[in-house]
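**Q** Got a structure for you, written out below as structure tokens; questions coming shortly.
Each value in this text was obtained by applying a stated rule to the coordinates, not by laboratory testing. This is a predicted model, so every value here is computed, not measured. Neighbour counts are summed over all protein chains in view; Cβ atoms, including those assigned to glycine, are modelled from backbone coordinates with ideal geometry.
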Amino acid sequence: MATNISNPIINTITKNEVFNAYPNPANNRIFVKCNNVNTKDENIISIIDLIGKVLLTKNTNNSGVIEIDTQNLSNGIYFIKLTNATLNIVSKIVITH
């Protein structure tokens, strides 16, 4: 089920319309496809563990596919977060080596 996101600047959208992380579960890398993001803003993609510790951060100014190396992450459940000036979206990913 997609999460609805409301923002006074952006009409209601769903998480999958903004970004998609695949494959899920992932092995040694995950791809994040960013859609409908403002390329003038800095977009920050973070991988966060279950206790809230930020393990990886990647900054990008483009809309497209970003590759993230997950080789150094242990097997488990993580959150992937996309943040910019108008968005703050979180999705769950699973890492299995």
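**Q** FRET efficiency for Q71 and D41, Cβ-Cβ distance as r, R0 = 30 Å, nearest 0.05?
**A** 0.55
**Q** Another one. For the range 44-97, which trypsin sites (Lys or Arg not before Pro) are in a loop by DSSP, counting at most 13 other Cβ atoms within 10 Å?
**A** Counting only loop positions with at most 13 other Cβ atoms within 10 Å, the trypsin sites (Lys or Arg not before Pro) in the range 44-97 are K53.
**Q** Relative to the present Cα-Cα distance, how much length would full extension add between K33 and L56 at 0.36 nm per residue of separation?
**A** The K33-L56 span can extend by a further 6.6 nm.
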